[in-house]
Amino acid sequence: MALEAGANPNAKTSSDSQIVSSKKIQKKFEFVCMECVSVVCVCVVLMCNVFVDVMDQLFKSALSVSLLVLSLSLSLHYISLNQTSSLLCQDKTTAVSTMPERELLPTNVKPNSYSISLKLNFDTFTFSGHEDVNLDVIDSATSSITLHAQDLKLEATSIRVKQGDKEYTLASTSDVTYDSKKTTASFTLNNPLEVGAAVLSLDFE
């Protein structure tokens with residue numbers, strides 16, 4: 001093909017060379033980018049594997065510690081139960097002999113039922129109350145009554161015994177006596193009671 005007049009063949013060759021060189025650079029850049037992406041993907045996969053391994057080890061360690069703590073707790077509980085069983089199985093005769101004897105009240109009257117009301121004082125952390133006792137008078141000519149009264153004080157002026165139409169009070173407000181060893185309180189009425197049902201009423205604090 002004939003060249004046009006005035007055309008420069010060297011300029012055409014130089015332009016083609018530049019195009020080819022640019023394509024090569026572009027391909028190299030694309031190759032480098034693909035290599036970088038591959039390296040990043042490999043690194044991410046490796047890091048994920050390492051993370052999974054670490055978490056797996058941590059889980060196994062935590063599980064081992066939990067099982068160890070559970071085993072120790074069960075062992076201590078078993079030891080405690082054994083010690084308690086041993087203490088309960090020790091000389092029962094000695095255990096019974098060290099228990100305080102229950103104080104039995106006189107049998108001149110027999111209580112059947114109790115009705116108790118309490119009034120609490122949260123400022124002084126104390127209480128007071130009223131009690132009605134349905135009882136049977138067993139012995140004739142009974143004028144003395146004994147009650148359990150641990151840590152209680154009976155209001156002498158409130159003590160009343162009703163028996164039918166009759167009402168009995170204390171012979172004297174000083175007739176209430178306390179036995180700290182037996183934890184009882186006793187009082188004497190102004191007249192003997194009759195055999196039969198009666199109701200004892202009193203206040204305490």
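Readers should treat all values here as calculations from the given coordinates under stated rules, not as data from a laboratory. Everything numeric here is computed off the predicted structure, so don't read it as measured data. Here the Cβ is made from the backbone with ideal geometry for all residues, glycine too, and neighbour counts use every protein chain on show.
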Ordered by fewest other Cβ atoms within 10 Å, a rough proxy for footprinting exposure, ILE116, ILE145 read ILE116, ILE145
With the crude spin-label approximation of a point 7 Å out along Cα→Cβ, what separation in nm comes out for ASN121 versus VAL195? 4.4
In whole Hz and in residue order, list the ³J(HN,Hα) couplings for the range 164-175 that follow from phi through the Karplus curve 6.51 cos²θ - 1.76 cosθ + 1.60, θ = phi - 60°; x for Gly and Pro. x, 8, 9, 10, 10, 10, 6, 5, 8, 5, 9, 7
Stretch gain in nm, segment CYS41-SER140, where the contour uses 0.36 nm per residue and the Cα spacing is subtracted: 24.8 nm
How do VAL32, VAL195 line up, fewest other C-beta atoms within 10 Å first? VAL32, VAL195
Over the range 109-204, one equal point on each Cα, no solvent: what is log10 I(q)/I(0) by the Debye formula at q = 0.13, 0.18, 0.22 Å⁻¹? -0.45, -0.83, -1.20
Please report the spacing between the Cα centers of the range 170-196 and the range 111-147 in Å, no decimals. 12
Going by C-beta contacts inside 10 Å, put ASP203, ASP151, ASP53 in order with the fewest on the left. ASP151, ASP53, ASP203
